[in-house]
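A short reminder: the numbers here are calculations on the coordinates, not readings from a lab. Everything numeric in this text was worked out from a predicted model, so none of it was measured. Quick reminder, even Gly has a Cβ in these numbers, built from the backbone with ideal geometry, and neighbours come from all protein chains shown.
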């Protein structure tokens with residue numbers, strides 16, 4: 001027996017070292033080839049820069065971010081700042097409470113909703129008033145628990161008196177994704193719904209959320225978080241292996257309707 005062990009000792013040692021090396025290169029710790037920022041820089045003009053002025057005029061709000069700075073003089077210099085911002089300007093997550101009274105706030109989402117494999121759907125070449133169909137959505141290999149990123153090629157209108165208009169999914173397409181269900185839905189649009197159509201329906205006297213804002217309704221009634229206002233999606237369009245991460249501030253109560261987040265995509 002000792003002779004056999006001695007004979008195979010080098011092989012046994014090599015096998016042992018191979019197992020150790022394999023455990024150290026576990027894919028769970030595999031670093032991405034690139035991390036792409038999907039968030040804008042926060043500046044005083046960020047809301048108007050990203051959303052235009054018509055939306056804020058309609059709501060009677062100021063389209064600005066307010067900074068207040070407090071400094072100490074030497075020998076103990078310091079700089080502290082307050083930042084006051086609209087929680088739906090720039091990348092942010094909508095919670096059910098945003099559109100449905102007395103429902104879940106942002107802090108009630110599980111964090112794993114905001115991290116994971118993402119499917120990037122590129123509809124940036126479509127007309128700005130286009131509704132993406134269910135058949136077009138199904139061309140992408142979307143599975144339950146995927147994060148879906150809808151790249152619409154959003155741009156702010158040049159006319160300050162008009163709400164921005166951009167490509168959105170049809171109600172049928174949104175219902176399909178909600179029923180899978182996907183983990184999270186994200187877009188570069190300032191909304192997931194056609195805001196001009198919503199406004200027209202309100203003027204006509206419509207009151208049902210499912211008709212006024214069908215995409216919001218499809219996802220929020222099913223507890224699926226909506227992320228709006230992503231930037232730089234052209235940098236990840238066409239990639240097959242993307243991991244998305246964007247964790248919102250932990251807001252709750254009446255302020256838990258939405259929360260800003262820092263979003264990134266990791267390319268493997």
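Select from region 169-189 the residues that are out of contact with any strand residue (DSSP E or B) (no Cβ under 7 Å at 6 or more places or on another chain) and part of a helix (DSSP H, G or I) and list them in ascending order.
Taking region 169-189 first, the residues out of contact with any strand residue (DSSP E or B) (no Cβ under 7 Å at 6 or more places or on another chain) are 171-172, 174-176, 178-181.
The answer is 171, 172, 174, 175, 176, 178, 179.
With respect to residue 67, is the statement that it is surrounded by 12 or more Cβ atoms within 10 Å (Cβ to Cβ) and over 21 Å from the mean Cα position of the chain (by Cα) true?
yes
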